[in-house]
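This report refers to the structure that appears directly beneath it.
The values are calculated or read from the model by the stated rules, or taken from the named source; none is laboratory data. Here the structure is a predicted model, which is why all the values come from computation and not from measurement. All Cβ positions, glycine included, derive from the backbone under ideal geometry; neighbour counts span all protein chains shown.
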Amino acid sequence: MDHLTEILVPIACGCILPIVAIVSGVRKKINETNQRTQIVLAAIEKNPDMDIEEMIWHRMPWSRPTSRWRVIVTRAGSARGSSR
């Protein structure tokens, strides 16, 4: 049994612990993105004429919107404009 413990502890520290850390970091990033998306969608629903990119920059200055994010915001804005 001691031999098994000597093998499992390094495996857990070297393999399982980094995997758990990566999964935890990915989940945190996904939650941040989902919260940001909910904020933007609520802002669009309340005031469709506002500049979303400016609001994002003032609300979260540490992260500029990526090109993918700009495409989503642009499509959401054009979809709102075409329905009127």
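Would you confirm, using the coordinates I've provided, whether A43 is in a helix (DSSP H, G or I) and at pLDDT below 65? Quick ask: steps written out before the conclusion?
Working: in a helix (DSSP H, G or I): yes; at pLDDT below 65: no.
Taking the combined requirement at face value, the residue does not satisfy it.
The single condition among (1) at pLDDT 70 or above; (2) surrounded by 12 or more Cβ atoms within 10 Å (Cβ to Cβ) that M60 does not satisfy is (1).
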